Amino acid sequence: MSDLKRVTTRITEELDNFIGGCDAAIWGYCDLSGITNRPFPELRNGISMGIKLNPKIVLSLKEGPGEEYTREYDEVNSRLAVLAGKVSEFIKDLGYDAGFIPPTQSLNDPERLFADFPHKTAATLSGLGWIGKNALLVTKKYGSALRIITVFTDAPFTTGEPVIKSYCGDCRSCMDLCPPGAVRGVKWSQGMSREKLLDTRRCFEYSRKMGYEAGPGHGVCGRCIVVCPWTEKYLKREGVL
Ligand code: SF4
Ligand code: SF4
């Protein structure tokens, strides 16, 4: 085994042990060197991590987002930031550089409606899941009932197998459900723009309206999360469906 391979294997194991003892439900490693909009250009590797949403609260989305969901959304975002901070510090203690950006950005910018770096990019490259017809990350274990964050680093590790195609099949549950008709029904493949999948403006306006109804200052809808059959599997496993 070469020295580099030995270091890479050791760091991957150390990270697995550390992240496994934190708040993450799912995580993976990726090479981001082919992504031009990295927020830290010198950090070419990524760790994608997800925290699952409370299954009972996800189920309540059937009736549309309420205060409970917006609270959960904010709380999980805070937990993600703490998680990313801990993992970044751990990496720095190993002698490498690391940084992260907040878990959500798009709804904070009503003009552009897209994030500088979508965390979904790192998630698919890490092998965690694919992009559903609703433009959300879909994982086999939790469906879309999770939120994600990325840690950027120059630490070497063993990267996952990128997911490059959709596992949505013929399903159109999110498209049939979406109240403003924002889901176009197109199956994702790697490199596809979000706009091909989703009328972002329609989704945003509806989400903002629902968010304001649920509690001032929130821009969340999320109803397509609960109808996804991959999410339903998670809810059934948890005994709430
Ligand atoms: S979040 Fe709401 S508006 Fe946006 S695609 Fe899903 S169901 Fe439609
Ligand atoms: S509801 Fe169906 S089409 Fe929509 S993201 Fe889930 S699997 Fe894909």
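The values are calculated or read from the model by the stated rules, or taken from the named source; none is laboratory data. Only a predicted model underlies this, so the values are computations on that prediction, with no experimental measurement involved. Ideal geometry is used to build each Cβ from the backbone, glycine not excepted, and the neighbour counts take in all protein chains shown.
Here Val151, Val163 are screened, and the one residue that is touching a residue at least 60 places away in the same chain (Cβ under 8 Å), within 19 Å of the chain's Cα centre (by Cα) and within 30 Å of Arg6 (Cα to Cα) is Val151.
Among the residues here, Phe157 qualifies as at negative phi and either under 11 Å from the mean Cα position of the chain (by Cα) or part of a loop (DSSP other than H, G, I, E, B) (or both). Put simply, of Glu13, Glu75, Glu42 the only residue that is over 24 Å from Ser207 (Cβ atoms), charged (D, E, K, R) and in a helix (DSSP H, G or I) is Glu13.
In the set Asp170, Asp176, which member is at pLDDT 95 or above, surrounded by fewer than 21 Cβ atoms within 10 Å (Cβ to Cβ), in a helix (DSSP H, G or I) and within 16 Å of ligand 2 (Cβ to nearest atom)? Reasoning before the result, please.
Values: Asp170 fails: in a helix (DSSP H, G or I).
Just one listed residue meets the conditions, Asp176.
Of all residues in segment 45-66, those being farther than 22 Å from Val163 by Cβ and in a loop (DSSP other than H, G, I, E, B) number 4. Evaluated against (1) surrounded by 16 or more Cβ atoms within 10 Å (Cβ to Cβ); (2) under 11 Å from Thr153 (Cβ atoms), Pro65 falls short on exactly one condition, (2). Has segment 197-219 got any residue that is without any contact (Cβ under 8 Å) to a residue 60 or more places away in the chain, of a type outside the set (Ser, Thr, Tyr), farther than 17 Å from His119 by Cα and within 11 Å of ligand 2 (Cβ to nearest atom)? No, there is no match, as no residue in segment 197-219 is without any contact (Cβ under 8 Å) to a residue 60 or more places away in the chain, of a type outside the set (Ser, Thr, Tyr), farther than 17 Å from His119 by Cα and within 11 Å of ligand 2 (Cβ to nearest atom). Being modelled with pLDDT of 95 or more, closer than 30 Å to Arg223 by Cβ and of a type outside the set (S, T, N, Q) is a property that holds for Lys52. In the set (1) more than 9 Å from ligand 1 (Cβ to nearest atom); (2) surrounded by 14 or more Cβ atoms within 10 Å (Cβ to Cβ); (3) of a type in the set (Ser, Thr, Tyr), the condition left unmet by Ser207 is number (1). Looking at segment 186-199, which of its residues are surrounded by 14 or more Cβ atoms within 10 Å (Cβ to Cβ) and more than 17 Å from the chain's Cα centre (by Cα)? Passing the criteria: Val186, Lys187, Asp199. The set of residues in segment 135-172 that are away from ligand 1 (no atom under 16 Å from the Cβ), closer than 15 Å to Lys120 by Cβ and of a type in the set (D, E, K, R) contains only Lys165.
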